[in-house]
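Accompanying notes for the structure given below.
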Protein chains: 2
Amino acid sequence: MSGGGPIDFYFEFSSPYGYIASRLVDEFGERVGRQITWRPMLLGPVWKITGQAPLVEIPMKGDYSRRDFARSARLHQVPYRHPGKFPIGTVAALRTFYWVGDRDPAQARTFAKAAYTAYFADGRDISAAPTVVEIARECGVDGAALATALEDPALKERAKREVETAIAAGVFGSPYFVVDQEPFWGVDRMPMMEQWIRTGGW
Amino acid sequence: MSGGGPIDFYFEFSSPYGYIASRLVDEFGERVGRQITWRPMLLGPVWKITGQAPLVEIPMKGDYSRRDFARSARLHQVPYRHPGKFPIGTVAALRTFYWVGDRDPAQARTFAKAAYTAYFADGRDISAAPTVVEIARECGVDGAALATALEDPALKERAKREVETAIAAGVFGSPYFVVDQEPFWGVDRMPMMEQWIRTGGW
């Protein structure tokens, strides 16, 4: 079981279930003896392919989802205040993650957790690039260099490729995990994934 | 915990996850000390409201779903052969369930399980009314009386009201459970529902 390949952890910064997963995934990785590769992506381009829409905009499902975001957060003891502006565009956070990660992967994970907490617990609007830079700075990132990088077409291209790679891997939701070529969609499938890893699948 | 109100178990006869739930729900009810009220409904009218489509027809999600139907069935040790014709219209099975249930609720549950098994394990096309009548007959139902009833506008109206009631209750998927006014969507949320019942919620 341990010593196996890493778990790809795909997530969108505007996803409540991705946020909850971000709070669980480190301990999960330790428990099953796997590294976690954090891979933020965007759901907007996915929805163009699938014809889907944000959960909260879907009749009936929207009401259930709003209730379930909060209920799931309480279950996992994760602080949660449903953001006033939701969902949001998260391309600034996405680009920041990959720019930081190319320099310091551990710092990028720290930033991802901080950005999620800022949005889903502290009510900060992470769709705004200056807010993202501020959060990154709070994580020890060079804010001036980041602000410059965020204007660089090369970084935009870099982040876009990551989204394309996720889509090519079949990622259509958040969180979405792939381990040993097996996909698991949703924070509520983490127990199934754990069983899969422990047993070698069925 | 025990002695609480019943669990409403909503399902659509063409739903693989509803089928899996139908195999788990009796033992579930015993474990948590609750009665189960079986409430078949139709997803077609729901999709008209939500703008959704059958899972397998959604790009990306379709591939995942086909894989997950079989994987979830194996996990729960439920026989599963993905039907050649899928999804199907299940109004004949729906009407049969309520007609039988008005006379003998236990027999209606037996019929529901038999219809699900016929479709998802034995490859029988339960969209055809004669096949449904045959399955009901195998469960001890008076086939001639049922065949006549299936042509009766009163039964059509009866079944339609059940679907409307489900939609009014917020049911947008299958399986969908409501216990103590709390909704749980999906066979993969049965553990959460169990925890909810045992703890009184959180």
Practice prompt. Quick one: compute a quarter of the convex hull surface over the Cα atoms of the protein assembly as shown and quote it in nm².
Written response: 20.1 nm²
Fill in: GNM result for chain A, Cα springs below 10 Å: residue of A:Phe177, A:Phe69, A:Phe97 fluctuating most strongly
A:Phe69
Worksheet item: Measuring label to label, 7 Å along Cα→Cβ, what does A:Asp104 give against each other copy in nm, shortest first?
Response: 7.3
Worksheet entry | Computed E for B:Lys85/A:Glu157 - FRET, C-beta separation, R0 51 angstrom, nearest 0.05 | 0.65
Fill in: Charge-dipole axis of chain A as Lys and Arg at +1 and Asp and Glu at -1 on Cβ define it, positive-most pick from A:Gln107, A:Pro79, A:Leu155
A:Pro79
Worksheet item: Cα-based Rg (one decimal) and Dmax (whole number) for the range A:18-150, in Å?
Response: 15.5, 45
Discussion item. Under a crude label model (7 Å from the Cα following the beta-carbon direction), how far is B:Gln35 from A:Asp122 in nanometres?
Written reply: 5.2 nm
Discussion item. Treating only the Cβ of Lys, Arg, Asp and Glu as charged (+1, +1, -1, -1), what charge dipole size does the protein assembly as shown show about its Cα centre? Round to the nearest 20 debye.
Written reply: 20 debye
Worksheet, complete the sentence: With -39,500 (n - 2.57) per DSSP H segment of 4 or more residues and division by the full residue count of the protein assembly as shown, the 222 nm estimate, nearest 500 deg cm²/dmol, is -17500 deg cm²/dmol
Worksheet item: Which pairs break 27 Å Cα to Cα here: A:Lys61/B:Lys160; A:Lys61/B:Lys61; A:Lys85/A:Lys156; A:Lys48/B:Lys156?
Response: A:Lys48/B:Lys156
Fill in: trypsin sites (Lys or Arg not before Pro) within the range A:1-38, DSSP loop, no more than 15 other Cβ atoms inside 10 Å
none
Practice prompt. List, in order, the whole-Hz ³J(HN,Hα) value for each residue of the range B:16-22 obtained from phi through the Karplus relation with A = 6.51, B = -1.76, C = 1.60 and θ = phi - 60°; use x for Gly and Pro.
Written response: x, 6, x, 4, 4, 4, 4
Worksheet entry | Estimated inter-spin distance, B:Lys48 and B:Asp180, nm [label 7 Å along Cα→Cβ] | 3.6 nm
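Only the coordinates and a few stated rules stand behind these numbers; no lab work does. All figures in this text were calculated on a predicted structure; none of them were measured in a lab. We place every Cβ from the backbone using ideal geometry, glycine too, and count neighbours over all the protein chains shown.
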